[in-house]
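Below is one structure, written out as C-alpha cells, with a few remarks after it.
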Amino acid sequence: MRGASMAGQEFKEALQAELHRRVGVLSAEGDAAFGHFDERDWAVVVVLFLAVPILLIWWLA
Amino acid sequence: MSGELQARIREEAVVGRLPLLREEREYSMRSLMSTGFAYAVATWCFLIGGYSAKYVGAVQGVATLVAGCVVGVTLSAIAAALACNRYGLEQIDFTKTCFGQRGARLILIFYYINQVGWSGIILVMSALALQNVLGPEGLGWTLPAHTTNIVVLANVIIAYAIVVRGVHVLNVWNAVVTPGLVIVCALLFYAIFSQHSWSHLASLPPIEPTDDRLLNYALSFEFGLGAGFSWWPGIGFLARNTDTQRNAFYPQVLTMGLAMGVICCSGLFAGLLFKVDDPSRWMMMVGGKWFGMAALLLILIANISASSIMMYTAGLGMRHVPLFRDMHWNLLLVIAFVPVLAYVVWPDLLYQKGQAFLTYNATMYAPISGLLLVDYFWLRKQRVNLSQIFSDDRGSHYWFWGGFNWLAVICLGLGYAIYLYLYDPVNVVAHDWFRWLTASAPATVIPMLIYFGLSRAFTSAERGGYGADTAPLPIARVNL
C-alpha cells in the first residue's frame, strides 16, 4: 500500500494536494449532477420500503 | 506528477479515503444490481433462515425475513447511500458529520466488530462444511480431534494471504463464486419445492419455539431487521462508486434487502423440513450426498472469499486511526486478523452465538442509522462541507466538543440501552413490549427524536456546521 517504494513525504504532499482538488471539484458541482432524489422517491421509500412491510407484519401477527 | 504517483493516488481514491469524482465511478443501476446481488447471495443467508426456523413456520418466516431485510436495509441505506454518493465519501468519513472527528472512531469500533464477527462465523461454517464433506456423511473419513480448530486456522491463514495480495485477487475469485452460489440457491429451491408442496411447508412447525407465539414472531422479525442492518458497513463503499443518487439507493434495497430476504427463506424451509438450523448439516439432506458435498465445497470457498473482503474493508477502516494511518499494510492486516483467532480457539461456542451476533448488529446499527438520518436530512438539509470532514483543526465544523458530538454519542448510548432493555440477544430474554414493538424500532425512533430536539437547542453553524456555508475552507491539519 502506502509509502513503500516512494518517499513518504512526497506521497503525503501529493495526496493532500489531490484532496484539495477533489474537494473543490465536488463542492462546485451542483446536486443535479448526481440526479435528484425527489418527493416521488421519498413516497416510494416511505410507502413501499417501510409502511407496506410493517403493515404486512402487523397484519400477519 | 509521475505515472507511479498518479496510479497510487488513483488507488487511494478507489479503495482509500479520497473523495471519488463523478467521472471515476464505476457503477450504474445495472452494475450495482449485479454487485448487490452478488453481496446478497451470501452464505449467512442460510444461517439467518435457520435461526428463524427455530421460532416460526414458513408463512410467518417468509414475511418476517423479507420485510425485516427490506426495512433494515432501507433505514441503513437512506442517509449513508445518498450522502456517500453525493460527496464521494467513504462511510466512516460521512459519520464524522454526525458523531464528530473523534466520535466517528466509536462507530469504527462497531464497524470492525461487525466485520470480524461475521468473518469468524462464516470461517467456522466453512470448517464445519469441510468436515461434513470429509466425515461419515460425506467421504466417510474418520477425522481427528480438534479438526474444526485446525481448519478454521487454515481458513484464517488463507484469508490473510488473499487480502495481502490485494482486492484484485478477490474480484477474480468472486467471478467464479457468485454464479456458483446463485446456482446452489436455485437448486436448493428446486430440490425443496420439487419434493414438497407449499401447503406442506406451511404446515410444518418451527424447530424449537417458545411458548409465546407473538414473541416467536417478533424474534423472527428482529432477525430479518438484524440481517438488513448488518449491511450498514457496506453501503457507502458501493454508493460512493455509483453515478447517481437513485442508482446508489434502489439497487441496494432491492438486492441486499428484498433478494436477500428471499434467499434467507431457503434456510428457513430447509430448517423446517429437516429440523436442523445449521446449513453445514442440512445441505447434505436437501439434495442428496453429492449435491450436498458440492454445495458445501462451494460454501467453503465463498466464505473464505467473503471473509477476505470483510477483513480488507476492516483494514481500510483502521486507517482512520492515527496509530495505523502509516503502518505497513501487511502488518496492519496481522493486527486486524488477531481477534478472528478467537474463532480458532472457541469455534463451536462462538458459532452457536451467531444468532445473538445477528441481533447485536441491529443493536449497533439501528440507532446509528436513525441518528444519521436525522442529522443529514432534518438538520443539515443534505448540505455537508466536504473540506471540513478532512480537517482536524480545533475550530472545524465537525470538531464539536473535543472531537465528539456528545449529543449524538449520548443518543447512541440511549439507543443501545433501549435495545438491551427490550431484548437481551445473548440470553434471548425479551421484555413484554418487545412482542409488540421489537427492539430495533424503539432503539431507532426514540434516539432520533431526542437527538433532533437536543441538536436544535445546542448546536449551531460554528459548532457542527449546521446551516453554515459549504464552500471549501482552508485546512491546517489534514486528517488523511
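The values are calculated or read from the model by the stated rules, or taken from the named source; none is laboratory data. Bear in mind that the values here come from a model prediction, so they are computed numbers and not experimental data. Neighbour counts run over all protein chains shown; Cβ positions are idealised from the backbone, glycine included. SASA here: full protein model, heavy atoms, side chains in, ligands and nucleic acids out. Shrake-Rupley method; radii C 1.70, N 1.55, O 1.52, S 1.80 Å.
If you sort the three axes of the alpha carbon gyration tensor as a ≥ b ≥ c, you get a/c of 1.5 or more for region B:201-271 and a/b above b/c, which makes it prolate. Shape class for region B:348-480: prolate, because the ratio a/c of the largest to smallest gyration tensor axis (alpha-carbon atoms, square roots of eigenvalues) is 1.5 or more and a/b beats b/c.
Taking amide H atoms as placed 1.01 Å from N in the peptide plane, the amide H of B:Tyr423 lies under 5 Å from those of B:His431, each 5 or more residues away in sequence or on another chain. Packing around the peptides B:380-393, A:36-49, taken as the average count of other Cβ atoms within 10 Å per residue, puts them in this order, highest first: B:380-393, A:36-49. When B:Ile158, B:Ile418, B:Ile92 are compared by accessible area at a 1.4 angstrom probe, the order from most to least is B:Ile158, B:Ile418, B:Ile92. Look at the stretch A:41-54: the mean tally of other chain Cβ atoms within 10 Å of its residues' Cβ atoms is 5.
Here the translational diffusion coefficient of the protein assembly as shown follows from Stokes-Einstein with Rh set to the Kirkwood radius across Cα pairs; for 20 °C and 1.002 mPa s it amounts to 90 µm²/s.
Close amide H contacts of B:Trp401 (hydrogens built in the peptide plane, cut-off under 5 Å, sequence separation of 5 or more or a different chain): B:Trp406. In the protein assembly as shown, the portion of solvent-accessible area held by carbon and sulfur atoms comes to 66 percent [1.4 Å probe, whole percent, DNA, RNA and ligands not counted].
Neighbouring Cβ atoms from other chains, within 10 Å of the Cβ of residues in B:243-250, number 5 on average.
Shown here is the pair-distance distribution of chain B: with all Cα-Cα distances grouped in 20 Å bins from zero up to the longest one, the shares run 24, 57, 18, 1 percent.
Taken over the C-alpha atoms, region B:1-96 has Rg and Dmax values of 18.5, 63 angstrom.
Between B and A, buried accessible area from a 1.4 angstrom probe totals roughly 4600 Å², ignoring ligands, DNA and RNA. For the peptides B:232-243, A:19-30, the ranking by packing is B:232-243, A:19-30, with the highest mean count of neighbouring Cβ atoms within 10 Å listed first. At the residue level, B:Ser460 shows approximately 40 square angstrom of accessible surface with a 1.4 angstrom probe and all protein chains present.
Counting Cβ atoms of other protein chains within 10 Å of each residue's Cβ and taking the mean over peptide A:30-40 gives 4. Averaging Cα coordinates gives a centre for region B:373-429 and one for region B:232-301; these two points are 31 Å apart. The lysines whose alpha-carbon is closer than 20 Å to the alpha-carbon of B:Lys275, local same-chain residues fewer than 8 away aside, are B:Lys54, B:Lys289, B:Lys353. For the protein assembly as shown, the per residue solvent-accessible surface stands at 38 Å², with DNA, RNA and ligands left out and a 1.4 Å probe. A cut-off of 5 Å between modelled amide H atoms, ignoring neighbours fewer than 5 places along the same chain, links B:Ser391 with B:Asn479.
Ranked by the mean number of other Cβ atoms within 10 Å of their residues, highest first, the peptides B:433-446, B:394-407 fall in the order B:433-446, B:394-407. Quick check: net charge around B:Phe357, other residues with Cβ under 14 Å of its Cβ, Lys/Arg +1 and Asp/Glu -1? Within the 14 Å Cβ shell, the charges total -1.
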